[in-house]
Amino acid sequence: MPMEDPASVESTSDKSPRFFQPVEKLDNGVAIIRIDGPEKMNTISGDFRQEIEDIWSGQIAEDPSVKAVVFISGKPDNYIAGADIRMISATEDKADLKQICMDGHATFDILAKKGIPVIAAINGACLGGGLEWALHCDYRLATTSPKTVLGLPEVKLGLLPGWGGTQLLHPLVGLQAALDMILTGKNIRPHKALKMGLVDQLVDAASLEAVAVEAAASLADGSLKSKRKPKALMNKIIEDTPMGRSIMWKKVGEKVAKSTGGNYPNATAIVDCIKFGLSSSKQAALEYEAQRFSEMAATPESESLIGLFEGSTALKKNRFGKPAKKVEKVAVLGAGLMGAGIAQVSAEKGMTVLLKDRDSASVGKGTSYIMDNAAAKLKKRRMTKYEMDTVGSRVIPLTDEGDLWKRHFGSAEMVIEAVPENLDLKHRVIQQAEQFLPEDCVFATNTSALPIRDIAKASKRPQNVVGMHYFSPVPMMPLLEIIPHDGTSDAAAAAAVDVGGRQGKTCIVVKDVPGFYVNRCLGPFLVETCALVEAGVGLEQLDKVMKSYGLPVGPITLADEVGIDIGFHVQSFLSEADMGVRMTGGNVAVMGDMVEKGFLGRKSGKGFYLYPKGKKGNKGGKELNPEAVSLIKAHQAAGGAGASLANDVIQDRMMCRFVNEAALCLQEGIISSPVDGDIGAVFGMGFPPFRGGPFRLLDQRGAGAYADMMNRLADEHGEQFRPCQLLMDHARGDKKFHT
Ligand SMILES: C/C=C/C(=O)SCCNC(=O)CCNC(=O)[C@H](O)C(C)(C)COP(=O)(O)OP(=O)(O)OC[C@H]1O[C@@H](n2cnc3c(N)ncnc32)[C@H](O)[C@@H]1OP(=O)(O)O
């Protein structure tokens, strides 16, 4: 039975054009078809396909005057952003997606049947099914606009390219480059796309249409031929000889196993599709790809990853509304690691930054950090020299010495304070800055522990004070917690969310409670780390078991990376806060002992692991610090049973402490939705993306089964494992958090 494409159900009766502008037929035989869907982004759905099939059969197929067709976008900043992801999520029986993929091929076949050149004239995002659309075309032009990116990001959704991407890309760019593109989902910028043979020609955005029409006419009259890029000799040996190929596949297998830890089945399916296609007919390969696409769409991993895409897209909207004034000039107080990172991401996104610290030496460290990072990007070609110089010129270094900073502060629109975590110091810097700041200047404070309302007490204008909790290292970490205190105005919160978003961060709004959201959930998780270590679980074993669960690093390495002193400070602070029994079960005193000995983690060369100084800075992290091990021994119970605990028990014990705290945060309104909770956990703590976050995990394992597991642990080990009320409420009847 033919299936219905769910996204198209509503509008099938509406026959007026929605996805394409009227066809423009030129005297030279070139027809221009402008893709211009009803939403901001062009995406491909059943309606989209139906409409182009109708246009083609009604206006192109039978018209002998049409000798070539140019597909160009009517949007200013996107070509096609892929298949409509909502269509994929809304398809209840994912097996139906095989037919949706095959329907796409039927459309491509209709377009190919006339046998005339079809050209993709690409400006803006050309991703997923959008790039597959372009791959089905005979010739591709792309603009050099910074908005133009090409890629197959389906892998990030737990999927694979289902409209021929696994079959059509490698003949153009080679097997290795295609595998790299499809397995990473990375965006390819125009110059790289030309170099690798993904596009045939680059053009300035203003000339795209004219050049595409000319190319189309020349392809039609035979004066222009689309040429494949010749393969380098080494690539020929690797990709086209039996021995080279067998080595290549071995390496690919190893790389996939290492990068996915066996947790992303779609990566293996992608390799299968490409391999299958190399020894099958095109039709069989496309069918196989469509089949595997539908299988991957049915996996919980894909559900989780699509949930994260939808969640992070939803969080791009500012819940406090668009700020009345766009912040262009931001003052950053404190040029340490956090302050310099905040200054960097602000300057990179076009803001003028007043970077202030005590003296020239301190502020100089901050500017060097920014310029060193820019130089590293330049080296990796992720930044041009011009962009690097522009970033540098946007950062104005200021010190307490003299009056210069006072004059500059008179025009600041937002301050982001990132001085050390000391309430008196924070009070002093607010009071000092406020003497010179405009009345309406928002004062954001970056803290991971101090209550925002306490910081705001020193302000003359507490309504302007808002928390912005960045994660370290700021340029790398995607999450930002925005924390309004009870008196923060919506205008100040709106400005904070807007600036955070423009700095490239995904912002979640969190209540002003100890630890906010992410650190609050990490508290019980790290206490459980101590509990397991005390019970005799080895440090390396714990790291290994939690990494295999999907965390980017195990909890022991995490503590070393964050800094044992910082971890101890936050843990002690949370232990004294309002979390009661949930911060019990393990003793964090061992961290205190380590701080006393100066074992602060990577930054001091010794933590739980050793980090001997190498030529390129502190390496290591592989060998345990014997002195830390003997300190820990003093805290371990004799004959602890930890060493014999099964991996899944360790994982459940660790993770349920985090998950329960997340549920309690939702129960208490600390976060406002499961989406915020999932995004916060994945982007802030590294909760395994394929598990989708604590709330998706609960939905997938079933709240009932999860609560039972926790209750069993509570009966055995103590009340710290008892599930919170909201989790119990969901357990009754296995109610889902994500509906
Ligand atoms: C067989 C084929 C399978 C596939 O093709 S699977 C899909 C593969 N494609 C992708 O994964 C691309 C997904 N989209 C993006 O990564 C980003 O978007 C862009 C880079 C294209 C643009 O980013 P930005 O400029 O920041 O815009 P924004 O806020 O992310 O998106 C604007 C609106 O466009 C919707 N949207 C974007 N791509 C898709 C899509 N592929 N399917 C459905 N909707 C999409 C968003 O959700 C949002 O919508 P709202 O304005 O309502 O919040």
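Per residue, the average separation of C-alpha pairs within less than 8 Å and at least 6 apart gives segment 329-509 a relative contact order of 21 percent.
Amide H to amide H distances under 5 Å link residue 331 with 354, 413, 414, 415, 416, where only residues 5 or more positions off or on other chains count and H is placed in the peptide plane. Between residue 432 and residue 725, the C-beta separation translates, for a Förster distance of 56 Å, into a calculated FRET efficiency of about 0.80. Pairs of Cα atoms nearer than 8 Å and 6+ residues apart set the relative contact order; for the chain it is 9 percent. Over all Cα atoms in segment 568-711, the spread is summed up by Rg and Dmax: 18.1, 53 Å. In the chain, the longest principal axis of the Cα atoms and the axis of helix 423-434 are about 60 degrees apart.
Expressed to the nearest 5 percent, the antiparallel share of DSSP beta bridges inside segment 329-509 is 15 percent. Taken one residue at a time, the phi angles of segment 167-174 give Karplus couplings (6.51, -1.76, 1.60, θ = phi - 60°) of 10, 9, 6, 5, x, 7, 10, x Hz. Gly and Pro are set to x. Less than 5 angstrom separates the built amide H of residue 224 from those of 219, all sequence-distant by 5 or more or on a different chain. Give the angle, between 0 and 90 degrees and rounded to the nearest 10, that separates the Cα long axis of helix 175-184 from the longest principal axis of the Cα atoms of the chain. Computed tilt is about 50 degrees. Just to confirm the number: angle between the C-alpha axis of helix 337-348 and the first principal axis of the chain, 0 to 90 degrees, nearest 10? Compared with the principal axis, the helix lies near 30 degrees. What the phi angles of segment 540-553 give under the Karplus curve with 6.51, -1.76 and 1.60, with θ = phi - 60°, is a coupling list of 5, 4, 4, 4, 5, 5, 6, 5, 6, 6, x, 6, x, 9 Hz, glycine and proline written as x.
Here the chain was treated as a single set of alpha-carbon atoms; its pair distances binned every 10 Å from 0 give 3, 13, 20, 23, 21, 14, 6, 1, 0 percent. Which whole-number percent is the relative contact order of segment 91-232 (Cα, under 8 Å, 6+ apart)? Rounded, it is 25 percent for segment 91-232. Taking max minus min of the alpha-carbon positions on each principal axis, segment 329-509 gives extents of 45, 38, 26 Å, largest first.
By other beta-carbon atoms within 10 Å, ranking 166, 367 with the fewest at the front produces 367, 166. Given 0.36 nm per residue, what is the gain on full extension from residue 282 to residue 317 after removing their alpha carbon distance, in nm? Length gained, residue 282 through residue 317: 8.3 nm. What the phi angles of segment 20-31 give under the Karplus curve with 6.51, -1.76 and 1.60, with θ = phi - 60°, is a coupling list of 9, 7, x, 5, 10, 9, 9, 5, 7, x, 9, 9 Hz, glycine and proline written as x. A protection proxy built from the mean count of other Cβ atoms within 10 Å ranks the segments 339-345, 269-275, 25-31, most packed first, as 339-345, 269-275, 25-31. Put a dot 7 Å past the Cα of residue 649, heading toward its Cβ, do the same for residue 234, and the two dots end up 5.1 nm apart.
A short reminder: the numbers here are calculations on the coordinates, not readings from a lab. Keep in mind that what you see is a predicted model, and the values were worked out from it rather than measured. Positions of Cβ are generated from backbone atoms using ideal geometry, with glycine treated the same way; all protein chains shown enter the neighbour counts.
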